[in-house]
Amino acid sequence: MSRIGKAPVYFDDKVQVSLGEENSLVFKGAKARLTVKMSSVIVPKIEGKKITLERKDETKASKSLHGLYRALVQNAVTGISKGFSRSLELQGVGYRANVAGRKLELSLGFSHPVIFAIPEGIEIKVDKQTNIEVVGASKELVGQVAAKIRSFRPPEPYLGKGVRYLGEKVRKKAGKSAGK
């Protein structure tokens with residue numbers, strides 16, 4: 001049996017869990033609502049304040065999905081109760097960020113500002129015009145939005161300018177070396 005899959009997922013009073021349609025779990029909290037759709041080979045069971053996942057059969061496919069769905073359920077419980085965040089920083093002269101309504105405006109050295117529409121369920125905070133924090137209940141969506149913002153201007157290897165995750169180390173290359 002999967003070591004991760006057989007461990008139960010515990011939740012507190014802040015999270016309401018119910019069985020949805022077509023073998024899914026619905027998580028509701030104060031700020032968000034998440035749904036985890038599962039394969040038909042995994043059966044979720046809610047007992048009091050814990051969720052257990054069981055396999056219908058012992059095939060290789062169902063064994064591989066067992067731990068995956070348990071991790072997705074755990075991420076949903078954590079996201080509803082605490083939330084997830086990812087921080088980005090802008091490195092470069094004149095690089096700035098600004099939130100206006102449901103849009104993130106980025107000045108990244110292009111001739112035009114980059115405007116990013118903030119998806120539903122995500123909150124973006126800008127601190128000191130160079131630090132961006134992406135906050136949300138869905139770990140997958142938070143990571144996807146942070147990666148999309150980073151993709152507008154990834155850190156370049158010579159000067160290190162660009163959008164990077166907070167604490168990310170950028171290996172710099174040596175520039176041109178002078179001739180003899």
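The values are calculated or read from the model by the stated rules, or taken from the named source; none is laboratory data. From a predicted model like this one, the values you see are computed outputs, not experimental measurements. Cβ coordinates were reconstructed from backbone atoms using ideal geometry, including for glycine residues, and neighbour counts include every protein chain displayed. Heads up: the accessible areas ignore ligands, DNA and RNA and are worked out on the full protein's heavy atoms, side chains in. Shrake-Rupley method; radii C 1.70, N 1.55, O 1.52, S 1.80 Å.
Run down Leu25, Leu104 and say which single residue is out of contact with any helix residue (DSSP H, G or I) (no Cβ under 6 Å at 6 or more places or on another chain) and either acidic (Asp, Glu) or closer than 30 Å to Ser151 by Cα (or both). Quick ask: steps written out before the conclusion?
Values: Leu25 fails: either acidic (Asp, Glu) or closer than 30 Å to Ser151 by Cα (or both).
The conditions single out Leu104.
Just wondering, is there one or more residues in the stretch 8-24 that are within 15 Å of Ala71 (Cα to Cα), open to solvent by 90 Å² or more (accessible area, probe 1.4 Å) and not aliphatic (A, V, I, L, M)?
Yes, there is a match, as at least one residue in the stretch 8-24 is within 15 Å of Ala71 (Cα to Cα), open to solvent by 90 Å² or more (accessible area, probe 1.4 Å) and not aliphatic (A, V, I, L, M).
Looking at Glu89 and the list (1) buried (at least 16 other Cβ atoms within 10 Å of the Cβ); (2) over 17 Å from Gly143 (Cα atoms), which single condition is not satisfied?
(2)
Where the second residue is outside any helix (DSSP H, G or I) and open to solvent by 60 Å² or more (accessible area, probe 1.4 Å) and the first is touching a residue at least 40 places away in the same chain (Cβ under 8 Å) and over 15 Å from Val77 (Cβ atoms) and lies in the stretch 39-62, which pairs have Cβ atoms under 7 Å and are six or more apart or on separate chains?
Short answer, once both residue conditions are applied: none.
Could you list, in sequence order, all residues of the stretch 36-66 that are touching a helix residue (DSSP H, G or I) at 6+ places or on another chain (Cβ under 8 Å) and of a type outside the set (Gly, Ala, Ser)? Spell out how you get there, then give the answer.
Residues of the stretch 36-66 touching a helix residue (DSSP H, G or I) at 6+ places or on another chain (Cβ under 8 Å): 36, 38-39, 41-42, 44, 51, 53, 55-56.
Correct list: Val36, Met38, Val41, Ile42, Pro44, Ile51, Leu53, Arg55, Lys56.
Go through the stretch 70-180 and tell me which strands (runs of 3 or more DSSP E), entirely inside it, have 3 or more residues that are within 29 Å of Ile4 (Cβ to Cβ). Don't jump to the end; show me each part of the working.
Working: elements: 84-91, 96-100, 103-107, 114-117, 122-127, 131-136, 162-165.
Once the strands (runs of 3 or more DSSP E) in the stretch 70-180 are filtered for at least 3 residues that are within 29 Å of Ile4 (Cβ to Cβ), what remains is 84-91, 131-136.
Out of the residues in the stretch 29-52 that are touching a Phe, Trp or Tyr at 6+ places or on another chain (Cβ under 6 Å) and assigned to a strand (DSSP E or B), which is most open to solvent (accessible area, probe 1.4 Å)?
Here the residue is Lys50.
Kindly check whether there is at least one residue in the stretch 103-123 that is surrounded by 14 or more Cβ atoms within 10 Å (Cβ to Cβ), hydrophobic (A, V, I, L, M, F, W, C), under 23 Å from Lys28 (Cβ atoms) and in contact (Cβ under 8 Å) with a residue 40 or more places away in the chain.
Scanning the stretch 103-123, I find no residue that is surrounded by 14 or more Cβ atoms within 10 Å (Cβ to Cβ), hydrophobic (A, V, I, L, M, F, W, C), under 23 Å from Lys28 (Cβ atoms) and in contact (Cβ under 8 Å) with a residue 40 or more places away in the chain, so the answer is no.
For the stretch 1-21, how many residues are out of contact with any helix residue (DSSP H, G or I) (no Cβ under 9 Å at 6 or more places or on another chain) and in a strand (DSSP E or B)?
Qualifying residue count for the region: 2.
Out of (1) exposed (fewer than 14 other Cβ atoms within 10 Å of the Cβ); (2) under 21 Å from Lys139 (Cα atoms), the odd one out for Thr78 is which?
Condition (1) is where Thr78 drops out.
Would you point out the residue of the stretch 132-155, among those that are open to solvent by less than 50 Å² (accessible area, probe 1.4 Å) and not hydrophobic (A, V, I, L, M, F, W, C), that is nearest to Gly101 (Cα to Cα)?
Gly136
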